[in-house]
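I have placed the structure first, in the form of structure tokens, so that the comments after it can refer back to it.
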Amino acid sequence: MATTSRLSGLRNLDASERRAALAEALGRDEEFLAPFVDAGLSGEQAERMIENVIGQIAIPVGLATNFIVNGREVLVPMATEEPSVVAAASNIARMARPLGGITTTTSAPLMQAQIQLLDVADPHGARARILEAAAEIIDLANEQDPKLVEIGGGARELRVRIVPNTTGGVHVIVHLVVDVADAMGANAVNTMAEAIAPRLAEVAGGRQLLRILTNLADLRLVRARLAIEPEMLGGPDVVADMVTGAQLAVDDPYRAATHNKGIMNGISAVVLATGNDTRAVEAGAHSYAARDGRYRALSRFERAADGILVATLELPMAVGLVGGATKSHPTARAAVETTEVRTAAELGEIICAVGLAQNVAAVRALAAEGIQRGHMGLHARNVAVGAGATADEIDAVATALVADGRVRADVAEQVLAQLREQR
């Protein structure tokens, strides 16, 4: 396991030196990090993953440091194109270390498939009949995936909902609850849903229509909590403003959308790096944020009695270690190895911890110096590159842009031209 995630000075190293530092911290040979060097995906491998392949797109993978999750030192790969995300999450993780880092918990890996039943004459009677036949139907579902059952997973429960149809009538919706173990679970639950749908339609006296999982994985939740001393954040006034600012995201959906986007900056970066389904996780998070009929913040900020900031986050987390790109993409495999996780639940907890750290970083920036100060300093480098700056010109152009206060492409081109004239 990692001896420490506190890799100070990492930003001053080049990429090869960072890989060496990572391998040393993990006590591993650098060879397992090879997929990070050239994106790790051959044309042949890409052809097998999706249809009509014409190439690949590379996304930078950064290393989030300083994380302690449930008492364990963790180094976390993050795939993102957005500047400041990796640095911000790492900085908050550093601030959380003195009070024990980030604590997480997770529920069982339960996913749900929905089977839509139509033309049911007696919806409530059909609900009763389906629940009476639940044992038979669950057995039929488990026959579809004996391997999952063998390792302790499988179908667990049937639930029946009668959902009003806004155009008239009702939908009878059956939820099949499945323990998917270390998988994300889409293929398993979809296969089961299709197998049991004809029998459900027969019992209900109607016809089947949709048979597919729901990404509102509200039975598969992960939670994270951190505490930070006020002095680390800038003092009691900053903490008070952070709590007040975060409350706006609970009360106002316009603020909540951006607040939650900040959470997903951290979460989606780790989900993508590990080859999991970013769209499924994002859909689950945003639908969970609106579960009471109003879109709200996923996190909560409070001041403890002693003035310490306490931030918490809860959301669905449907990620896996088996199947999909997690196994087929070499870089994703290397990313999972970097986290040193053994179960999908542990991976989900780390992802949630990163999301919370990123969220605290954004709220702190808003409550203190403003979001643009740190973000634009890093963004200026991208603007410099876009203006045509070479490796030995980027820092000078970026510094000039930040000093000028106008981090724009046209200004970067002017600065670059002036720099070259002076040479």
### Task
Tell me, yes or no, whether the stretch 116-129 has at least one residue that is in a strand (DSSP E or B) and within 30 Å of the chain's Cα centre (by Cα).
yes
### Summary
Of the residues in the stretch 298-332, those that are among the small types (Gly, Ala, Ser), more than 22 Å from GLU44 (Cβ to Cβ) and touching a Lys or Arg at 6+ places or on another chain (Cβ under 8 Å) come to ALA311, ALA318
### Query
For the stretch 243-254, does any single residue satisfy the condition of being of a type in the set (A, V, I, L, M, F, W, C), out of contact with any Asp or Glu (no Cβ under 8 Å at 6 or more places or on another chain) and either outside the structural domain of SER328 (by TED's automatic domain parsing) or not in a helix (DSSP H, G or I) (or both)?
no
### Residue among GLY323, GLY386 that is more than 26 Å from GLY153 (Cα to Cα) and not aliphatic (A, V, I, L, M)
GLY386
### Task
Select from the stretch 378-423 the residues that are within 18 Å of PRO60 (Cα to Cα), in contact with a helix residue (DSSP H, G or I) (Cβ under 7 Å, 6 or more places away or on another chain) and surrounded by fewer than 17 Cβ atoms within 10 Å (Cβ to Cβ) and list them in ascending order.
VAL385, GLY386
### Query
Across the stretch 306-327, what is the number of residues that are at positive phi and more than 18 Å from the chain's Cα centre (by Cα)?
1
### Task
Please find, within the stretch 269-284, the residue that is farthest from the chain's Cα centre (by Cα) out of those that are buried (at least 24 other Cβ atoms within 10 Å of the Cβ) and assigned to a helix (DSSP H, G or I).
ALA273
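Out of GLY348, GLY307, I need the residue that is assigned by TED's automatic domain parsing to the domain that holds ARG94, part of a helix (DSSP H, G or I) and not β-branched (Val, Ile, Thr). Which one? Quick ask: steps written out before the conclusion?
Numbers: GLY307 fails: part of a helix (DSSP H, G or I).
Selected residue: GLY348, the only one of GLY348, GLY307 that is assigned by TED's automatic domain parsing to the domain that holds ARG94, part of a helix (DSSP H, G or I) and not β-branched (Val, Ile, Thr).
For the stretch 293-344, which residues satisfy the criterion of being polar (S, T, N, Q), more than 16 Å from ALA227 (Cα to Cα) and touching a helix residue (DSSP H, G or I) at 6+ places or on another chain (Cβ under 8 Å)?
THR326, SER328, THR331, THR338, THR339
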### Query
Hey, THR3 hits all of (1) of a type in the set (S, T, N, Q); (2) surrounded by 12 or more Cβ atoms within 10 Å (Cβ to Cβ); (3) in contact with a Leu (Cβ under 9 Å, 6 or more places away or on another chain) but one; which does it fall short on?
(2)
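For (1) among the small types (Gly, Ala, Ser); (2) within 22 Å of ASN215 (Cβ to Cβ); (3) touching a Gly at 6+ places or on another chain (Cβ under 6 Å); (4) crowded, with 18+ Cβ neighbours inside 10 Å, each residue gets a yes or a no:
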| residue | (1), (2), (3), (4) |
| --- | --- |
| PHE301 | no, no, no, yes |
| VAL310 | no, no, no, no |
| THR326 | no, yes, yes, yes |
| ALA334 | yes, no, no, yes |
| ARG342 | no, no, no, no |
| VAL354 | no, yes, yes, yes |
| ALA357 | yes, no, no, yes |
| ALA361 | yes, no, no, yes |
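The values are calculated or read from the model by the stated rules, or taken from the named source; none is laboratory data. Keep in mind the model is a prediction, meaning the values are calculated, not measured. Counting neighbours? That spans all protein chains shown, and the Cβs are built from the backbone with ideal geometry, glycine included.
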